[in-house]
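Encoded as structure tokens, the structure appears first; notes follow it.
The values are calculated or read from the model by the stated rules, or taken from the named source; none is laboratory data. Since we're looking at a predicted model, the values are computed, not measured. Using ideal geometry, Cβ is built from the backbone for each residue, glycine included, and neighbour counts are taken over all protein chains shown. Side chains are part of the model used for accessible areas, which takes the heavy atoms of the whole protein and leaves out ligands, DNA and RNA. Shrake-Rupley method; radii C 1.70, N 1.55, O 1.52, S 1.80 Å.
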Amino acid sequence: MEISKSLCFFLLLLLLLLLLFFVDQARSDAINGDSEKLHRLLHLQKLPWKQQEEAVINCIFQKPRVREGITTLEMKERDYCSGKVTDWQKNLQNRLISDAIHVQSLQSRIKSAIFSGDTHQISDSQIPLSSGTRLQTLNYIVTVALGGRDSTLIVDTGSDLTWVQCRPCRLCYNQQEPLFDPSNSSSFLSLSCNSPTCLALPPATGNSGLCGYGNSSSCGYEINYGDGSYSRGELGFERLNLGEIVIDNFIFGCGRNNKGLFGGASGLMGLGRSKLSLVSQTSSVFDGIFSYCLPSTGAGASGSLTMGGGDFSNFRNVSPISYTRMVSNPQMPNFYFLNLTGITIGGVNLGVSNNGALSLIDSGTVITRLTPSIYRAFKAEFEKQFSGFQTAPGFSILNTCFNLTGFKEVNIPTVKFYFEGNAEMTVDVEGVFYFVKSDASQICLAFASLGYEDQSMIIGNYQQKNQRVVYNSKESTVGFAAEPCGF
């Protein structure tokens with residue numbers, strides 16, 4: 001009897017010890033897991049200027065993938081399709097300067113829209129549709145077939161009208177592909193200036209349709225950009241091929257007079273929200289859904305632009321897609337606004353307003369812009385968690401900088417954005433720092449302050465890298481998921 005009691009007591013004690021061990025182990029795993037989530041490694045040896053010295057840049061786009069009515073196009077950064085970059089430091093610095101001009105122009109338009117209620121009564125030279133400098137900083141390009149010929153286009157969610165350079169051309173910048181020649185296309189049809197579509201131009205371009213362009217009755221268009229860049233020409237119908245999917249009577253701009261910082265691209269793809277955007281014109285095929293995954297900075301890296309949705313099983317996202325609603329903004333209906341409800345650095349909440357903050361998600365802005373009060377909190381918390389590293393002078397719009405010369409890798413705090421509806425976006429490790437100098441002697445926090453508290457915050461493309469960002473115009477939602485971008 002006594003032996004039996006002793007055995008029971010021993011077994012009970014052993015069970016209790018095992019239970020305590022597993023609880024402690026689980027707690028340790030949870031802490032370690034949280035630690036991994038709150039901090040991430042940035043590998044400084046994997047940066048593009050370190051890889052490109054020996055890399056062969058391949059700018060041949062792979063054939064689009066089509067699956068159950070969903071088309072995926074390969075997306076590349078324009079830098080890696082322009083030959084070897086000989087001066088990375090100058091390239092990186094010029095992007096920041098251009099981005100500052102773009103944001104200034106964008107904020108002016110937002111402010112004018114709010115106070116006037118009508119952006120189209122404002123002089124385009126003063127408040128442009130979108131800054132042409134965004135085309136220098138955006139850098140993401142895809143290839144589509146227009147009228148049976150390949151055209152490489154800059155992708156922009158902040159623009160609406162898709163246009164290409166056309167023959168005969170009065171003034172055209174240099175592009176890699178031959179100019180589009182409507183006279184050689186059996187599917188091209190000019191659009192009349194008295195058509196309803198021509199009258200719908202103001203929301204898409206900021207200018208009314210022009211009759212008599214080129215001494216004809218075709219519908220003329222004109223888009224002016226903030227740096228003096230522009231595209232002018234006529235609207236037409238053409239057959240657009242997105243992989244195997246054919247869009248007949250696609251309305252696009254045939255640019256006869258174009259000037260600006262468009263690089264070697266043939267034109268621009270507009271993914272805004274007006275009736276003339278690619279999204280709206282293909283809504284019967286793709287249900288107003290598109291998504292992208294912006295590539296990392298690695299040499300030869302690829303991302304993807306996907307038209308259509310519903311079945312996202314072909315995505316490589318490593319976290320579930322979480323959605324937030326698009327916030328309606330009647331003064332600027334063509335842009336994608338969201339309600340930002342929180343920001344954390346290494347798990348520390350910065351205390352965004354309980355009601356959230358109206359924020360624009362824009363693929364044309366490089367660096368995310370925060371209101372001054374939120375940026376001050378952001379800067380202070382990041383410096384607190386990233387202490388111990390040598391500081392460096394600020395540059396342009398960036399004023400939180402470090403000297404990481406000699407480091408192969410560094411452990412940095414995780415940055416997360418939260419949106420209405422419990423949606424969240426974890427900023428990829430490559431989207432936290434911006435390299436002003438290619439030797440890492442001056443790298444800066446890739447976030448900047450706006451000038452005033454009443455300005456709209458902007459989620460830039462630098463922070464969207466290695467994210468699957470899903471736009472659903474039909475449901476008025478935007479979704480986020482972490483994804484190692486590729487094609």
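Worth pointing out:
- Remark: pairs (first residue in segment 145-171, without any contact (Cβ under 8 Å) to a residue 24 or more places away in the chain; second residue assigned to a loop (DSSP other than H, G, I, E, B) and surrounded by fewer than 24 Cβ atoms within 10 Å (Cβ to Cβ); Cβ separation under 7 Å; 6+ apart in sequence or on different chains) = Arg167/Leu179; Arg167/Asp181.
- All conditions but one from (1) open to solvent by 20 Å² or more (accessible area, probe 1.4 Å); (2) out of contact with any Asp or Glu (no Cβ under 8 Å at 6 or more places or on another chain); (3) modelled with pLDDT of 85 or more; (4) within 17 Å of Gln281 (Cβ to Cβ) apply to Ser183; the one that does not is (4).
- Candidate set: segment 311-327, residues that are exposed (fewer than 15 other Cβ atoms within 10 Å of the Cβ) and touching a Ser or Thr at 6+ places or on another chain (Cβ under 8 Å); chosen: the one nearest to Glu74 (Cα to Cα): Asn314
- Verdict on Val469 being over 18 Å from the mean Cα position of the chain (by Cα) and hydrophobic (A, V, I, L, M, F, W, C): no
- Considering only residues in segment 437-480 that are assigned to a loop (DSSP other than H, G, I, E, B) and hydrophobic (A, V, I, L, M, F, W, C), the one that is nearest to Phe315 (Cα to Cα) turns out to be Ala446.
- Matching residues, segment 274-287, being open to solvent by less than 20 Å² (accessible area, probe 1.4 Å) and more than 18 Å from the chain's Cα centre (by Cα): Ser274, Leu276, Thr282, Phe286
- Subset of segment 420-431 (residues that are open to solvent by 10 Å² or more (accessible area, probe 1.4 Å) and in a loop (DSSP other than H, G, I, E, B)): Glu420, Gly421, Asn422, Asp428
- Looking only at residues in segment 238-263 that are over 21 Å from Thr71 (Cα atoms) and in contact with an Asp or Glu (Cβ under 8 Å, 6 or more places away or on another chain), the one that is most open to solvent (accessible area, probe 1.4 Å) is Leu261.
- Restricting segment 299-317 to residues that are in a loop (DSSP other than H, G, I, E, B) and modelled with pLDDT of 75 or more, the residue that is farthest from Glu475 (Cα to Cα): Ala301
- The listed residue being in contact with a Lys or Arg (Cβ under 8 Å, 6 or more places away or on another chain), in contact (Cβ under 8 Å) with a residue 40 or more places away in the chain and surrounded by fewer than 21 Cβ atoms within 10 Å (Cβ to Cβ), out of Ser441, Ser449: Ser449
- Annotation for segment 401-419: at least one member residue is within 23 Å of Phe290 (Cβ to Cβ) and surrounded by 20 or more Cβ atoms within 10 Å (Cβ to Cβ).
- Members of segment 219-235 that are surrounded by fewer than 23 Cβ atoms within 10 Å (Cβ to Cβ) and either modelled with pLDDT of 85 or more or hydroxyl-bearing (Ser, Thr, Tyr) (or both): Glu222, Ser229, Tyr230, Arg232
- Candidates are the residues of segment 146-170 that are part of a strand (DSSP E or B), open to solvent by 10 Å² or more (accessible area, probe 1.4 Å) and among the charged types (D, E, K, R); the one that is nearest to Leu271 (Cα to Cα) is Asp150.
- Tyr434 being part of a strand (DSSP E or B), at pLDDT below 90 and either buried (at least 16 other Cβ atoms within 10 Å of the Cβ) or not small (Gly, Ala, Ser) (or both): yes
- Hits in segment 288-310 - residues which are open to solvent by less than 10 Å² (accessible area, probe 1.4 Å) and among the hydrophobic types (A, V, I, L, M, F, W, C): Phe290, Cys293, Leu294, Leu305, Met307
- Members of segment 331-361 that are open to solvent by 50 Å² or more (accessible area, probe 1.4 Å), in a loop (DSSP other than H, G, I, E, B) and either polar (S, T, N, Q) or without any contact (Cβ under 8 Å) to a residue 24 or more places away in the chain (or both): Gln331, Ser353, Asn354, Asn355
- The residues of segment 382-395 that are closer than 21 Å to Tyr452 by Cα and surrounded by 17 or more Cβ atoms within 10 Å (Cβ to Cβ) amount to a single one, Phe395.
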